[in-house]
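The values are calculated or read from the model by the stated rules, or taken from the named source; none is laboratory data. Bear in mind the structure is a predicted one, so any value in this text is a computation, not a measurement. Neighbour counts run over all protein chains shown; Cβ positions are idealised from the backbone, glycine included.
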Amino acid sequence: MLTKDQRSELGSVVSVGYDGSVSSRAQMVLAWHDGESVAGIAERFKTTKPTVYKWVDRFTEGGVAALESRKSTGRPRSISGSVRSRIVALTKRPPPKETGLTHWSTQEMAKYLKRHEGINVSHNFVAELWREHGLKPHRQGTFKTSTDPEFTAKVVDIVGLYLNPPAGAIVLSFDEKTQVQALDRTQPLLPISFDKTEKRTHDYIRHGTTNLFAALEVLTGKVIGQSFQRKRTKEFLRFMDRATNQYPANQEIHVILDNLKTHNNADVDKWLAKHPNVTFHFTPKGSSWINQIETWFGIITRQSIRRGTFHSVAELIKHINDYIDHWNEDAEPFEWTATADQILEKVAMLDRDYVKLVANNYNAK
């Protein structure tokens, strides 16, 4: 965060008539502190991302004077390799419990190093070292190892349908997107304008929810969708009737879906007995990522639902149906490239890392 004096100092060299290169560097620093992405800044000033970081770091260290060109081709590597290795090693581990931190920041890392390790480096150096090694402690992903005893067999089965489906067969990837909310903002939307983003109120009114049932035709990318008030076996079979009735009665159809009770019970068995051309393939427990319809759910959420304003559930449903029609106009299949062997190898590595982590934590106690 820039202070008032720092912002004023940068503004003073942006004026016309000042050294062009210094002025550009000052503008890069201002843009970075104003929240513009490094990639965007680099593109605007026709430079590279490392160059943007360099001038941001130099200004932090020495103010506007540091934006002047230096005669040397680079600053000496004053921090030893052992210190750098120690910082990287600490970064890859959670902060000690006594700090009360859940993850490292550059400021907290520099502070910890000075207090507990006797290492005196700036938070800017820590940031530079993290960039050099591709470390991003502020970001977090998710994972879940499957406990399904039939995990391997199910992965091989489903990936086989993606990469080598039976000749002439239809492969459908199915799931439900439940509790889709019809949210209405409390005040009218402020539309996008020059140098201004679209704006909406932070609060909203709930008008109810719907459950979107959808099936992705894997070979074409087309989507069949229908919204229901509830998500019981009754609704599931109604949707299956609609989806399968779009094909000839003797058409071989394979449906990829999760193993919820509403998808796997006596009523479903009776339905399958009446539809011998349809085969269900259940995904492994805790492995929704292998179901391609999940990718499409992410797309419709980002492109159509999340920023929408709906005065009723009926309006939300129509909006979803319009999006599906729009999608199907030029639908293309998702490209699945991972083989079953590659997936199983990665999962095995994740399992080994997880077991090792649990063992290390146990031994640390």
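A few remarks follow.
- In this structure, A243 does not qualify as assigned to a helix (DSSP H, G or I) and more than 13 Å from D175 (Cα to Cα).
- Yes/no for T91 being touching a helix residue (DSSP H, G or I) at 6+ places or on another chain (Cβ under 6 Å), of a type outside the set (F, W, Y), surrounded by 18 or more Cβ atoms within 10 Å (Cβ to Cβ) and free of Cβ contacts under 8 Å to residues at least 60 places away in the same chain: no
- Residues in the stretch 259-275 that are outside any helix (DSSP H, G or I) and more than 17 Å from R242 (Cα to Cα): N259, L260, N264, N265.
- Sole residue being closer than 23 Å to I317 by Cα, of a type in the set (D, E, K, R) and out of contact with any His (no Cβ under 6 Å at 6 or more places or on another chain), chosen from D241, D258, D267: D241
- The listed residue being modelled with pLDDT under 90 and assigned to a loop (DSSP other than H, G, I, E, B), out of R86, R70: R70
- E176 vs. criteria among the charged types (D, E, K, R), modelled with pLDDT of 90 or more, surrounded by 19 or more Cβ atoms within 10 Å (Cβ to Cβ) and on the phi < 0 side of the Ramachandran plot: yes
- Any hit, the stretch 11-25, residues being out of contact with any strand residue (DSSP E or B) (no Cβ under 6 Å at 6 or more places or on another chain), closer than 24 Å to G134 by Cβ, modelled with pLDDT of 80 or more and part of a helix (DSSP H, G or I): no
Results for (1) modelled with pLDDT under 90; (2) crowded, with 17+ Cβ neighbours inside 10 Å; (3) in a loop (DSSP other than H, G, I, E, B), shown as yes or no for each residue.
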| residue | (1), (2), (3) |
| --- | --- |
| I205 | yes, no, no |
| L212 | no, yes, no |
| L219 | no, no, yes |
| G225 | no, yes, no |
| E235 | no, yes, no |
| A249 | yes, no, yes |
| I256 | no, yes, no |
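- Pairs meeting the criteria (first residue in the stretch 243-271 and outside the structural domain of I290 (by TED's automatic domain parsing), second residue among the hydroxyl-bearing types (S, T, Y) and surrounded by fewer than 16 Cβ atoms within 10 Å (Cβ to Cβ), beta carbons under 9 Å, at least 6 apart or on different chains) are lacking.
- Looking only at the stretch 282-317, and only at residues there that are of a type in the set (S, T, Y) and part of a loop (DSSP other than H, G, I, E, B), the one that is nearest to R206 (Cα to Cα): S312
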